Amino acid sequence: GAVVSQHPSRVICKSGTSVKIECRSLDFQATTMFWYRQFPKKSLMLMATSNEGSKATYEQGVEKDKFLINHASLTLSTLTVTSAHPEDSSFYICSARTGTGGQPQHFGDGTRLSIL
Amino acid sequence: GDSVTQMEGPVTLSEEAFLTINCTYTATGYPSLFWYVQYPGEGLQLLLKATKADDKGSNKGFEATYRKETTSFHLEKGSVQVSDSAVYFCALPGGGSNYKLTFGKGTLLTVNP
């Protein structure tokens, strides 16, 4: 149980384009979803937290107009990297959890984004 | 605020060796504690968890005991395999309704045949 599917797993695109990454909880309702960015050989950096039906809460230093997050249902959240540039190239990982107590977050397999 | 201090690697072991990765934490109250594992090119997987003091989490031969007196949650395995090569993260959920995770910096484990 507690499977999180993230798509696509890898994307390569030209500078200036927008890229959408989907995160789905397959067998549970995710009241909260998280988006992380991971640099090579580093720990995860939390970008934003989103609750179903409400606006995402962004961490300090993360541009909300650059990284658009939508959490329209209890099983789906999307991250759109707008007007991507080479410095946005990274490994993006989503996670999801249910709303009860100290339940763990369950992670997707990540998306390797490469901007040329 | 909450923090996790994790043994920095990299750690290199031979197959069948004993593994310990140290993790200590500071937190308000007594949060759940987690170990996550990240295999190359993948996201994180929950390896094991403990929800209260003296609990022992275990999975795939790995164990960790929630020690309140030493605020520790060290990860151990008696006999590692090549397939255990990965990055291991100790984590605890923070306060607030969203339970954001605080991660350690991660420990890269390489197991050689």
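Residue count for the range B:11-38 satisfying the condition of being in a loop (DSSP other than H, G, I, E, B) and at pLDDT 95 or above: 5. Could you check, for the range B:14-26, whether at least one of its residues is more than 12 Å from chain A (Cβ to nearest Cβ), among the β-branched types (Val, Ile, Thr) and in contact with a His (Cβ under 8 Å, 6 or more places away or on another chain)? Taking every residue of the range B:14-26 in turn, at least one turns out to be more than 12 Å from chain A (Cβ to nearest Cβ), among the β-branched types (Val, Ile, Thr) and in contact with a His (Cβ under 8 Å, 6 or more places away or on another chain). Of all residues in the range A:96-116, those that are buried (at least 16 other Cβ atoms within 10 Å of the Cβ), hydroxyl-bearing (Ser, Thr, Tyr) and at pLDDT 95 or above total 1.
Working only within the range B:51-66, note down all residues that are over 24 Å from A:Thr49 (Cβ atoms) and either part of a loop (DSSP other than H, G, I, E, B) or at pLDDT below 95 (or both). B:Lys52, B:Ala53, B:Asp54, B:Asp55, B:Lys60, B:Gly61, B:Tyr66, listed by residue number. Residues in the range B:89-113 that are part of a strand (DSSP E or B) and either surrounded by fewer than 22 Cβ atoms within 10 Å (Cβ to Cβ) or more than 11 Å from chain A (Cβ to nearest Cβ) (or both) were compared, and the one that is farthest from the chain's Cα centre (by Cα) is B:Asn112. When B:Ser79 is tested against the conditions (1) exposed (fewer than 15 other Cβ atoms within 10 Å of the Cβ); (2) in a strand (DSSP E or B), the lone failure is (2). Residues that are touching a residue at least 24 places away in the same chain (Cβ under 8 Å) and in a loop (DSSP other than H, G, I, E, B) within the range A:77-103 comprise A:Thr82, A:Ser83, A:Ala84, A:His85, A:Ser89, A:Thr98, A:Gly99, listed in sequence order. Set side by side, the residues B:Leu33, B:Leu47 differ, and just one is over 23 Å from B:Gly1 (Cα atoms), surrounded by 14 or more Cβ atoms within 10 Å (Cβ to Cβ) and in contact (Cβ under 8 Å) with a residue 12 or more places away in the chain, which is B:Leu47. For the range A:1-22, residues that are surrounded by 14 or more Cβ atoms within 10 Å (Cβ to Cβ) and either at the interface with chain B (Cβ under 10 Å from one of its Cβ atoms) or free of Cβ contacts under 8 Å to residues at least 24 places away in the same chain (or both) total 4. Condition check: among the acidic types (Asp, Glu) and free of Cβ contacts under 8 Å to residues at least 60 places away in the same chain. Does A:Asp109 satisfy that? In short, no. Counting only residues that are surrounded by fewer than 17 Cβ atoms within 10 Å (Cβ to Cβ), more than 10 Å from chain B (Cβ to nearest Cβ) and among the acidic types (Asp, Glu), the range A:23-62 holds 1 of them.
The values are calculated or read from the model by the stated rules, or taken from the named source; none is laboratory data. Model, not experiment: these values are computed from the prediction. Cβ coordinates were reconstructed from backbone atoms using ideal geometry, including for glycine residues, and neighbour counts include every protein chain displayed.
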